[in-house]
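Trainee: There's a structure below that I have some questions on.
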Amino acid sequence: MQPNIKFSLIVTNYNKGLFIARAIRSCLMQLVIRQIVEVIVVDDGSTDNSMDVLNEFGGEIRVFQNKSNCGVSNASNIGLNNSSGEYWMRVDADDFLNMNACTFMGSILENNNEFGFVFSDHFRVDSNGIKIDRVSLSEEEILFEHGAGVLFRTQLLKDIGGYDESLRNCEDRDLLYRLKKIGVKGYHLPVPLYRYYIHGNNISQSKERNNYKKIVEQKHAI
């Protein structure tokens, strides 16, 4: 009999070979009791050494590879469509999780049916994983700017059709807007369980993100 998988952790990657092993290890090292965690990596057409790194994990992870770069929405949907867990989270390849993330966040959903997803605070970290500061996601706008690290009910995401693949940025904001429109509630867990890596690309991509943010807000008449 196929064992029931409780958590599906999806690592989406594009040319983050320098960091992806850390992200994967943080998913594999989740401290759960009598629960199964599956780790799925979707490589979105990387041209660096990412696949060499992924091959080192062997059967510990499931890997899907795009031949070309299709965007994080597409990669996320590949992970979603191949997930078997009751709960689902996307982890960016240069970020990582606290080892208690699944236990703490999963317990909220397990015992509170009124919530469709749960999200925790973040620690911003440098390239060595050293903490810089804490980001509280207590305000909705801050949550919408940090879409990774949210634990969803998997079937909920499948029911609304996953991520909008026309968006190559702000796909997380769009998803949360759509859930809000149909009355799905989230729960803020004020514990920093997600580690968000701050680097140069965060700044260089700000213009692109602002452009997509306008597109999403127009889409939802905000």
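Trainee: Rounded to a whole number, what % of the accessible area of the chain do carbon and sulfur atoms account for, probe 1.4 Å?
Mentor: Working: 5330 of 10780 Å².
Here carbon and sulfur together make up 49 percent of the probe-accessible area.
Trainee: Still on this model: Long-range amide H contacts for Val125: which residues qualify at under 5 Å (H placed 1.01 Å from N, peptide plane, sequence gap of 5 or more or a different chain)?
Mentor: Here Ile132, Tyr196, Tyr197, Ile198 satisfy the definition.
Trainee: Sticking with this structure for a sec: Out of Arg195, Arg25, Arg90, any idea which swings most in a Gaussian network model of the chain, alpha carbons joined below 10 Å?
Mentor: Greatest mean-square fluctuation among the candidates belongs to Arg25.
Trainee: Also, quick follow-up: Would you mind giving the three semi-axes, in whole Å and largest first, of the ellipsoid equivalent to the range 1-54 according to its Cα gyration tensor?
Mentor: On the way: eigenvalues 125, 28, 11 Å².
Computed over the range 1-54, the values are 25, 12, 7 Å.
Trainee: Ok, one more. Over the range 1-90, calculate the relative contact order: mean separation of alpha carbon pairs under 8 Å at least 6 apart, over the residue count, as a percent. Mind showing how you got there, number by number?
Mentor: On the way: 155 pairs, mean separation 37.6, N = 90.
RCO, the range 1-90: 42 percent.
Trainee: Related question: Across 10 Å bins from the origin, how do the percents of Cα pairs in the range 74-148 run, short distances first?
Mentor: For the range 74-148, the binned pair fractions read 15, 45, 35, 5 percent.
Trainee: Shifting gears a bit: Where only protein heavy atoms count, and the probe is 1.4 Å, what is the accessible area per residue for the range 53-110 in Å²?
Mentor: Working: 2370 Å² over 58 residues.
Normalised by residue count, the accessible surface of the range 53-110 is 41 Å².
Trainee: Might you work out the accessible area of Met99 for me, using a 1.4 Å probe with all protein chains in place, and round it to the nearest 10 Å²?
Mentor: Surface open to solvent at Met99 totals about 90 Å².
Trainee: Pop out the ³J(HN,Hα) list for the range 118-124 in order, Karplus 6.51 cos²θ - 1.76 cosθ + 1.60 with θ = phi - 60°, rounded to Hz; leave Gly and Pro as x.
Mentor: Here the 3J(HN,Hα) series is 9, 9, 10, 6, 10, 9, 7 Hz.
Trainee: Also: Can you give the relative contact order of the range 112-216 as a percent, counting alpha carbon pairs under 8 Å and 6+ residues apart?
Mentor: Working: 145 pairs, mean separation 44.4, N = 105.
Relative contact order comes out at 42 percent.
Trainee: Given the protein chains as shown and a 1.4 Å probe, how many square angstrom of Arg124 are accessible, to the nearest 10?
Mentor: Estimated to the nearest 10 Å², Arg124 gives 70 Å².
Trainee: Quick one: ranking Cys70, Cys102 by accessible area, 1.4 Å probe, largest first, what do you get?
Mentor: Numbers: Cys70 50, Cys102 0 Å².
The ordering from most to least exposed comes out as Cys70, Cys102.
Trainee: Could you order Ile36, Ile132, Ile20 by accessible surface area, starting with the largest, using a probe radius of 1.4 Å?
Mentor: Ile132, Ile36, Ile20
Trainee: From the Cα gyration tensor of the range 17-109, with a ≥ b ≥ c the square roots of its eigenvalues, which class applies: rounded if a/c is under 1.5, or else prolate if a/b is larger than b/c, or else oblate?
Mentor: prolate
Trainee: Bin by bin, in steps of 10 Å, what percent of the Cα pairs in the range 102-201 do you find, going until the bin that has the longest distance?
Mentor: 14, 45, 32, 8, 0
The values are calculated or read from the model by the stated rules, or taken from the named source; none is laboratory data. Just so we're clear, the structure is a prediction, and the values are computed from it rather than from any experiment. Just so you know, the surface numbers come from the protein's heavy atoms only, side chains and all, with ligands and any DNA or RNA stripped out. Shrake-Rupley method; radii C 1.70, N 1.55, O 1.52, S 1.80 Å.
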